[in-house]
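Below: the structure, in C-alpha cells.
Each value in this text was obtained by applying a stated rule to the coordinates, not by laboratory testing. Since we're looking at a predicted model, the values are computed, not measured. Neighbour counts run over all protein chains shown; Cβ positions are idealised from the backbone, glycine included.
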Amino acid sequence: MHRLIRLAVLFATLTSALWAQQPGAVLTLADCIRLANGVPSAVSLARQEREIAGHEQTIARAGLLPRAQINSGFTYNSPTGDNRSNFSFVALNGVREYVALGSLIQELDISGRLRADLERARAVDQAAGVSVSLAQRDLRRAVTNAYYKLLLTRRLARVIEDALGESASFEKRARLLFEGGEAARADLIKAAAQTAFQRQSLKSAQSQAGIANQELASFWTSGAAPELNIEDVLENTPSAVEPAPANAPANAPAPFLRRLEFNWMDAQRRVFEAEAKRSRAALFPQASVVFEYGIDSTALRARDRGYMAGINLTVPVFD
C-alpha cells in the first residue's frame, strides 16, 4: 500500500514538473506551492515521522493485549560417571528434556506502565501531526516569499530598463546640442554618467532577478532552472480584508494562542508527562498471568502433556 502511494506521488511530481517546464505554462502561486510539496523536503520528512509515530501507537496498544508464543527445545544433560541414570546438572529434569509448549501471557497493568506508554504514543502522534502542519506552513511561507521576491525584482528591472531608455535618449539629445554648440560639455558628461549608472543598475537588477528565479525554482528542482513564467499578481486589484466577526464568544482564546507552535508545545508537554508516569510505574509492582499447555518431559510421549497456569508478581524493593 505504501509503495503504491509513493508511486502515485512520484508520478504526480513528474507530471507537475514537466507541465511547469512547458514554454507556455503560466505558474501561479498555488502551482509553485504544489510543486514544492511534491518533492522531498521538510514536509515529506515530517510525514515520515508521523507514520513512524502511528506505528509506535499500534505497538503501545498491542502491549495491552495477550501475547501468544510457542516454545520448543531439546536439552541433553550428561549423566554422572558412577551412575548413568543420574544427570549432572540438578537444575534440569533428566538426561534428555523435550519441551513443546504453547504459552499465553497477559500482563496486568497494575502499575500503569502500559497505559503511560499508550498515552505517550498518542501524544507523540499528535505532536508529529502538528509538525507536519508546521512544515507545510513554513514551506508555503518560504515559497510565497520567493514568488513575490521574483515578481518585485523583475518589475524593478523593468523600471530601471525604462529609466535607462530615458537616460540614453537624454544623452543623445545632449550630444546633438553639444555638437551644435547649444550645450556645454559638462551637460553631456552628466548625461553620459547618468546613462552609465542606469546601465550598471540594470545589470545588477537583472542579476537579482536571476537569483530570485533560481531561488523559487530550487523548491522543486536541483538543477539550473530556465526563466519561470509566473503570473504577475501585482497587476490585480487586492481583495478587501474580511473584518473579524463581531459576535465572537467572550471566552474565546486569543488569536495568537491558536498558533500551531502552542499546539505542538501542548503535545510535547503530554509526552513528558506520560514519560514521567512510565518512570514512576517502575517503582510499583508488576504482575502478569501465564498459561502454558504442552509437553515438558524426559521423553516425547503424548500422555505427558499437561497445562500450567500461574501469576507472576514482581515487587521492587531496592534499586
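Structure notes:
- Looking only at segment 116-148, and only at residues there that are in contact (Cβ under 8 Å) with a residue 12 or more places away in the chain and among the charged types (D, E, K, R), the one that is farthest from Leu260 (Cα to Cα): Asp117
- Filtered residue count, segment 170-209, keeping only those that are over 30 Å from Lys149 (Cα atoms) and either part of a helix (DSSP H, G or I) or in contact (Cβ under 8 Å) with a residue 40 or more places away in the chain (or both): 18
- Filtered residue count, segment 141-163, keeping only those that are over 30 Å from Ser41 (Cα atoms), buried (at least 17 other Cβ atoms within 10 Å of the Cβ) and not small (Gly, Ala, Ser): 2
- Residue within segment 214-222 that is free of Cβ contacts under 8 Å to residues at least 60 places away in the same chain and more than 41 Å from the chain's Cα centre (by Cα) present: no
- Which numbered condition Trp220 fails, given (1) part of a helix (DSSP H, G or I); (2) surrounded by 14 or more Cβ atoms within 10 Å (Cβ to Cβ): (1)
- Residues that are among the polar types (S, T, N, Q) and under 19 Å from Trp220 (Cβ atoms), drawn from segment 111-154: Gln136, Thr144, Asn145
- Search result, residues across segment 265-293 that are basic (Lys, Arg) and either surrounded by 15 or more Cβ atoms within 10 Å (Cβ to Cβ) or more than 19 Å from Ser111 (Cβ to Cβ) (or both): Arg269, Arg270, Lys277, Arg278
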